[in-house]
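Working notes, beginning with the structure itself.
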Amino acid sequence: MAFLRNCWYVAAWSEELGDGLFARTILGEPLVLFRDRAGRPAALLDRCPHRLLPLSKGRLRGDAVECGYHGLTFDAQGACVRAPGQDRVPPKACVRAYPVAEHLGMVWVWPGDPERADTALLFDKLPQWALAQGATPAWGLNCGPYTHVRANYQLLTENLVDPAHVSFVHPSTLGTAAMVDIPVETTQVGDTLLVTRWTLDSPAAPILQRFGKWPGNVDRWQYYWLFPPSIAVVDFGSHTPGMAHSDAARDAGLRIHSCHFLTPESETSTHYFWFQLRNFAQTDPEVSREITEQFVIAFAEDKAVLEAIQEAEAAPFVQERVKLALDSGSVRLRRTVARMIAEEEAALSMPTTPARTADSTVAH
């Protein structure tokens, strides 16, 4: 399976990189991640060029990685700086180094052409993140645990442009029966997709009613933003019936941005990183804990469905799959990603321009 490679993918939560070596496979490539003595993240191909022992089985020596088999040592740029037992380092004793950046509390890697890596291309559609920082945040933040899903990443991205599944998969947290027959609207600007649905004058979803405690019905919105290939932000919330549909009106209600960062591990498995930003109870750790718990339940429900679909795709008994009106977002998404990959492959032979920060790490 082809992946889009010339883009940034989340490799780990920042806190996952501690004082040692950390292994993770990205787009089928084994990586070893670590921090140097200044705390800057680095990523190398997780293979020693001598006997191919994964470098993650070795040791971190200051700013370099020592192979656990014969002690070849590699710096953060992948150059061999020591070959025990000899003065001359073999010219081919080097490993691939990946551009890395730290942003939104996560460590990102660029698995494509390092000359095209540019930190200006890091995801920047979340101004609420900055508003959630500091002593008196305007938005609250809760982060979920790292989640591994045994399914292709496009099954997950399709799920994240699909408001219609919520009533059936998440009845105890995010869905209500009132939403079942309401159609969705799909629009696209450039590569970005937006799938929306409003559910008017109906009971609030359980997860919102816990905090809104409305005495009666509400208007509810769902805005599913998908930034190809695999970043999604779901803007959802509720307010009193008859509310305007503007951004300011949504800010006046209970509003949550549920943020999803999906990184393909292989053709059939995905690394899943997620957090929520909210405009209520911004500094209440108990609310953060409760929201995280509710989303852990909801995403476990998604995980069970998507892993079952992945298993079924290995031996499909349905020769032709039915398309529904609600599939508009997923169809557009698949086409968009396929086009982006085709364009990237066509550009492989084109000359590159130097990137601004391909050889360094940047904190955001």
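The values are calculated or read from the model by the stated rules, or taken from the named source; none is laboratory data. Not measured: the values here are computed from a predicted model. Cβ placement follows ideal geometry from the backbone for every residue including glycine, while neighbour counts extend to all protein chains displayed.
For segment 17-29, the set of residues classified as touching a residue at least 60 places away in the same chain (Cβ under 8 Å) and surrounded by 15 or more Cβ atoms within 10 Å (Cβ to Cβ) consists of LEU17, ARG24, THR25, ILE26, LEU27, GLU29, listed by residue number. Here GLY140, GLY112, GLY78 are screened, and the one residue that is in contact with a Lys or Arg (Cβ under 7 Å, 6 or more places away or on another chain), at positive phi and touching a residue at least 24 places away in the same chain (Cβ under 8 Å) is GLY78. Applying the set (1) small (Gly, Ala, Ser); (2) modelled with pLDDT under 95; (3) within 23 Å of VAL195 (Cα to Cα) to GLY242 leaves exactly one unmet item: (2).
Does ASP124 satisfy the criteria of being charged (D, E, K, R), modelled with pLDDT of 95 or more, crowded, with 16+ Cβ neighbours inside 10 Å and within 30 Å of LEU45 (Cβ to Cβ)? When the stated conditions are applied, ASP124 does not pass them. Across segment 76-85, what is the total count of residues that are of a type in the set (Gly, Ala, Ser), part of a loop (DSSP other than H, G, I, E, B) and surrounded by fewer than 16 Cβ atoms within 10 Å (Cβ to Cβ)? Number of matching residues: 1. Kindly evaluate THR336 against the criterion of being farther than 25 Å from ALA135 by Cα, in a helix (DSSP H, G or I) and either modelled with pLDDT of 95 or more or not assigned by TED's automatic domain parsing to the domain that holds VAL195 (or both). Yes, satisfied.
Exactly one residue out of ARG289, ARG332 is of a type in the set (Lys, Arg), more than 26 Å from PRO228 (Cβ to Cβ) and touching a residue at least 12 places away in the same chain (Cβ under 8 Å), and it is ARG289. Only one entry in LEU126, LEU55, LEU104 is aliphatic (A, V, I, L, M) and in contact with a strand residue (DSSP E or B) (Cβ under 6 Å, 6 or more places away or on another chain), namely LEU55. Scan segment 30-57 for residues that are surrounded by 18 or more Cβ atoms within 10 Å (Cβ to Cβ) and under 28 Å from ARG334 (Cβ atoms) and jot them down. Across segment 30-57, the qualifying residue is only LEU31.
Selection of strands (runs of 3 or more DSSP E) fully inside segment 177-231 by the criterion of at least 3 residues being of a type in the set (S, T, N, Q) returns 185-189, 192-202.
Scanning segment 236-257 for residues that are in contact with a helix residue (DSSP H, G or I) (Cβ under 7 Å, 6 or more places away or on another chain) and either buried (at least 21 other Cβ atoms within 10 Å of the Cβ) or not hydrophobic (A, V, I, L, M, F, W, C) (or both) turns up GLY237, SER238, HIS239, LEU254, HIS257.
The lone criterion from (1) surrounded by fewer than 18 Cβ atoms within 10 Å (Cβ to Cβ); (2) assigned to a loop (DSSP other than H, G, I, E, B); (3) touching a residue at least 12 places away in the same chain (Cβ under 8 Å); (4) in the same structural domain as ILE309 (by TED's automatic domain parsing) left unmet by GLN133 is number (3).
Name the single residue, out of those in segment 86-102 being among the small types (Gly, Ala, Ser) and either outside the structural domain of PHE34 (by TED's automatic domain parsing) or not in a loop (DSSP other than H, G, I, E, B) (or both), that is nearest to SER14 (Cα to Cα). Filtering first and then ranking leaves ALA101.
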